[in-house]
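To start, the structure under review is shown below, and the notes come after it.
The values are calculated or read from the model by the stated rules, or taken from the named source; none is laboratory data. It should be emphasised that the depicted structure is a prediction, and the values quoted were computed from it without experimental measurement. Here Cβ is always computed from backbone atoms with ideal geometry, including for glycine, and neighbour counts include all displayed protein chains. Keep in mind that these areas ignore ligands, DNA and RNA; they rest on the heavy atoms of the full protein, side chains included. Shrake-Rupley method; radii C 1.70, N 1.55, O 1.52, S 1.80 Å.
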Amino acid sequence: MAAAEALGAARYFTRWYKTSRGGRARTSACCSTPTGTGRDCAGAALSTQGHGFAPLRHGNCQSCCRICVITLAEAHPLLQPGKTITSINYQISPNCSRLQNKVSGKSKRGAQFLTELAPLCRIASSDGEEYTIYSCIRGRLIEVNENILSNPALLQEKPSTEGYIAVVLPKFEESKSVTQGLLTPEEYKEVLLKRQNSSSGS
Amino acid sequence: MSSLTEKDRPIVQLLLSAGTCPRCIFRFCRVGSQTLYRHPYKDLMKDLKQFLEGNQEEEDRACFDVADPPCKRFRHGHTEEGADDLNQNGVLSQIPLANDGNADVENSDVENSAVEVCNVCLGILQEFCEIDFVKKMCEKVNSSDFQFTSFVFSVSLPPQLSVREHAAWLLVKQEMGKLDLSLAKDDIVQLKEAYKWIIHPQLSEELGVPTDGKSLFEVSVVFAHPETDEECRFLATVCPDCFKPAKNKQSVFTRMAVIKALEKIKEEDFLKHFPCPPSSPKNLCVALEIQCNNGAVFVAGRYNKYSRNLPQTPWIIDGERKLESSVEELISEHLMAEFKADSFNFSSSGREDVDVRTLGNGRPFAIELVNPHRIHFTAEEMKGFQQTINNSSDKIQVRDLQLVTREAIGRMKEGEEEKTKTYSALIWTDKTIQKEHIAFLDDIKELKLDQKTPLRVLHRRPLALRCRIIHTMKSQYIDEHHFRLHLKTQAGTYIKEFVHGDFGRTKPNIGSLLNRTTDILELDVESVDIDWPPALEN
């Protein structure tokens with residue numbers, strides 16, 4: 001678990017989780033929203049469950065810092081022991097590569113706009129599986145993490161901080177509603193428990 | 001010293017019968033003697049008429065001699081005689097004729113035009129030169145309660161005056177052409193200039209201070225003449241490109257635009273649309289506004305911040321104040337009251353977060369006090385203000401409080417980008433550390449960082465990559481999970497992000513250097529390395 005990681009830079013974030021249904025591997029997403037005492041908040045780190053995304057949302061003030069950092073949630077298959085990442089690909093379609101995202105100015109003009117279901121990247125593991133990581137929140141794509149391209153191990157070693165997937169900035173009007181439909185860490189744990197019980201029970 | 005001569009006669013005759021006032025006539029005759037304009041209106045009118053009737057040069061000279069004969073000097077500025085008084089409409093009432101009152105039929109035109117509002121200056125060089133108006137201005141100045149040692153007087157004239165001036169010029173030019181003489185527009189004495197010749201001494205005397213072009217205290221008057229506001233309109237049809245509709249301005253017919261159009265317009269076109277000579281208006285101008293304001297003064301100093309809960313500027317979200325007070329309010333409040341200013345602008349050489357203290361010599365700051373009513377304070381008094389501010393709060397302290405010039409502010413801003421800062425950071429590590437694990441930090445010099453815009457400010461700053469240098473570091477071991485780090489860095493370095501790495505977006509960082517997860521628990525600014533403002537003996 002990213003307990004240790006929850007400190008350091010991630011301390012300023014609140015975690016929210018997204019679970020997705022469907023697919024045999026139901027993974028969780030984790031999203032963190034900003035907490036913190038400073039006027040500047042980062043955003044939410046969204047961890048999704050289902051495929052496990054954890055958006056981190058940073059900020060103490062709802063009306064300021066709204067930046068969200070998308071990361072893998074703890075229960076995501078890619079973070080389980082024995083998984084080796086073979087490739088990370090930000091080219092999600094013939095016309096769209098998240099690497100080509102260019103933003104300019106304070107208002108981040110030119111950013112690719114993401115909906116909750118927009119794919120961020122596709123990650124392949126040595127056992128032949130491929131996982132699509134989704135945005136989980138609506139907003140402008142600010143940047144994707146190029147460090148994990150050169151060092152995929154980072155994603156597994158520090159999924160909640162240096163191994164983040166992307167940074168997203170929701171629209172100002174939507175900054176409060178962005179966490180609707182997301183789970184708190186406690187709710188996330190409950191979902192995980194239920195899954196364990198149901199899979200062991202049946 | 002020019003005064004009216006024989007060749008001016010036809011011009012004087014022409015203008016006077018057209019309804020132009022004596023002072024404007026002087027202007028068109030290029031009379032440059034300021035004193036002459038200051039003679040009482042009545043006298044000028046009388047003398048002009050005498051001039052027209054007389055034929056000898058001696059008589060002319062006697063009338064318009066620059067050295068005032070005692071009787072004229074005595075009457076300068078007084079309006080005891082009711083003859084000059086305006087009736088309710090602001091129209092000059094009948095002025096008695098210079099000669100013994102025999103209504104001369106041939107001069108009847110001249111006589112009638114004397115009572116009218118001037119067709120060129122619309123009364124500016126008439127009624128608004130009188131002591132009553134000067135007194136009205138002084139009343140406004142005195143009631144505004146400003147402190148000043150000199151003044152500058154500025155006046156704003158309605159644009160149609162330029163049009164009328166232009167028409168009068170064409171008229172005079174034509175007349176002079178008959179005598180094979182020319183008159184360039186630039187040769188005419190400017191209306192504003194003549195007005196100031198007359199107003200300055202009177203205003204200066206009433207206020208008790210001299211005029212000074214560089215003075216910070218400004219008395220300004222705005223004149224308007226609604227009756228003739230439409231007179232500029234024809235210019236837009238003839239020279240449309242001079243009048244671009246400006247979004248914020250109420251009228252497209254600004255003074256500058258009108259002047260530009262008058263330069264371009266051809267004489268024939270002008271004369272087609274505008275009467276020459278200009279018509280006599282029914283009413284005088286009105287003085288719309290009499291305003292005073294003082295130029296801004298600048299107070300500089302250095303501040304220390306001892307609170308970890310104090311923002312630089314007021315923190316208000318949705319109309320609700322989130323944190324009590326602010327650095328700028330604590331410093332500026334008292335100064336605003338002492339200087340009796342309308343508002344202030346606070347700026348400093350960089351700034352620190354809410355939760356960061358500023359120690360050492362403090363951070364340079366400057367406050368612009370806008371429209372201060374009080375400006376004269378001794379160094380002792382400034383020290384007194386410093387003490388008052390320091391006594392009022394333990395969250396901040398100020399030093400070196402002093403008055404500075406506007407230019408000096410530039411030096412402060414230089415500091416923001418160029419000068420180094422030193423910090424002290426309390427750092428936490430997840431895995432344990434021993435002294436030897438952090439000792440190597442002391443040996444690292446000129447460490448280059450690549451810092452992406454920190455996540456905590458990314459919502460309001462552009463995404464960028466900054467290269468910054470950590471010049472030196474000195475570590476102080478505390479325990480297995482804590483140590484203190486003193487650093488000297490380039491201006492603009494994000495210290496917090498250097499410590500915790502900001503998700504790997506600041507590289508290298510203390511975490512990567514120590515191969516641990518690190519966080520910053522406390523940050524203090526130890527010094528801001530800039531030599532401004534000059535240190536004072538405290």
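Could you give the length gained by full extension between B:Glu175 and B:Glu417, i.e. 0.36 nm per residue of separation minus their alpha carbon distance, to one decimal place?
Gain on extension, B:Glu175 to B:Glu417, equals 80.6 nm.
Taking amide H positions as placed 1.01 Å from N in the peptide plane, with prolines and chain starts having none, which residues 5 or more places from B:Lys431, or on another chain, fall under 5 Å of its amide H?
Those qualifying (amide H under 5 Å, at least 5 residues apart or on another chain) are B:Thr517.
Under a no-solvent Debye model with one identical scatterer per Cα of segment B:127-293, what's log10 I(q)/I(0) at q = 0.08, 0.10, 0.14, 0.15 Å⁻¹?
-0.31, -0.48, -0.86, -0.95
What FRET efficiency comes out for B:Glu218 versus B:Ile131 if R0 is 25 angstrom and r is the Cβ-Cβ distance? Round to the nearest 0.05.
0.70
Accessible area drop of at least 50 Å² (1.4 Å probe, protein heavy atoms): which residues of segment B:448-489 qualify, relative to the chain alone?
B:Leu455, B:Arg456, B:Leu458, B:His459, B:Arg460, B:Leu463
Which residues, if any, in segment A:73-112 lose at least 10 square angstrom of accessible heavy-atom surface (probe 1.4 Å) when the other protein chains sit next to their chain rather than the chain being alone?
Buried by 10 Å² or more upon assembly, which counts only protein chains, are A:Val103, A:Gly105, A:Lys106, A:Lys108.
Using Cα centres only, tell me the gap between segment B:141-207 and segment B:345-422 in whole Å.
Result: 44 Å between the Cα centres.
Taking amide H atoms as placed 1.01 Å from N in the peptide plane, list the residues 5 or more away in sequence, or in a different chain, whose amide H sits under 5 Å from that of B:Gly362.
B:Val528
Taking loop as defined by DSSP and a crowding limit of 14 other beta carbons within 10 Å, which GluC sites (Glu not before Pro) in segment A:139-193 fit?
A:Glu146
Once a ≥ b ≥ c are taken as the square roots of the eigenvalues of the Cα gyration tensor of segment B:441-538, is the result rounded (a/c under 1.5), prolate (a/b larger than b/c) or oblate (a/b not larger than b/c)?
It is oblate, given that a/c is not under 1.5 and a/b is not larger than b/c.
Could you give the size of the charge dipole of chain B about its Cα centre, using +1 on the Cβ of each K and R and -1 on the Cβ of each D and E, expressed in debye and rounded to the nearest 20?
2720
Could you give the nm distance between label points at B:Lys448 and A:Ser198, where each point is 7 Å from its Cα heading toward the beta carbon?
Roughly 5.4 nm, to one decimal.
On the accessible surface of segment B:197-348, probed at 1.4 Å, how many percent belong to carbon and sulfur atoms?
The nonpolar share, carbon plus sulfur, comes to 50 percent.
How many nm is it between the label spots at B:His273 and B:Leu536, if each spot is 7 Å from the Cα in line with the beta carbon?
Using points 7 Å along Cα→Cβ, the separation is 5.9 nm.
Can you pull a Stokes-Einstein diffusion coefficient for segment B:295-413 at 4 °C (1.567 mPa s), Rh from Kirkwood over Cα pairs, as a whole number of µm²/s?
89
Between A and B, buried accessible area summed over both sides at probe 1.4 Å, in Å² to the nearest 100?
Buried: approximately 2600 Å² between B and A.
To the nearest 0.05, what FRET efficiency results for B:Ala408 and B:Tyr306 with a Förster distance of 25 Å applied to their C-beta separation?
That gives a FRET efficiency of 0.40.
I'd like the mean, over residues of A:152-163, of how many other protein chain beta carbons sit within 10 Å of each residue's own Cβ.
2
Looking at segment B:332-396, which trypsin sites (Lys or Arg not before Pro) are in a loop (DSSP not H, G, I, E or B) and have at most 15 other Cβ atoms within 10 Å?
Filter output for segment B:332-396: empty list.
Could you give the longest part of chain B that holds none of the GluC sites (Glu not before Pro) found in DSSP loops with at most 13 neighbouring Cβ atoms within 10 Å?
My reading of the result: B:82-323 is the longest stretch.
Suppose R0 equals 60 Å. What FRET efficiency, 1/(1 + (r/R0)^6) with r the Cβ-Cβ distance, do B:His482 and B:Asp229 give to the nearest 0.05?
Working from the Cβ atoms, E equals 0.20.
For B:Thr149 and B:Ser33, calculate 0.36 nm times their separation in residues minus their Cα-Cα distance, and state this gained length in nm to one decimal.
Fully extending the segment from B:Thr149 to B:Ser33 adds 39.0 nm.
Amide H neighbours of B:Ile375 under 5 Å, at least 5 residues apart or on other chains, H built in the peptide plane: list them.
Close amide H contacts, sequence-distant or interchain: B:Gln147.
Over the Cα atoms of chain B, compute the convex hull volume and normalise it per residue, giving Å³.
Looking at chain B, the number lands at 218 Å³ per residue.
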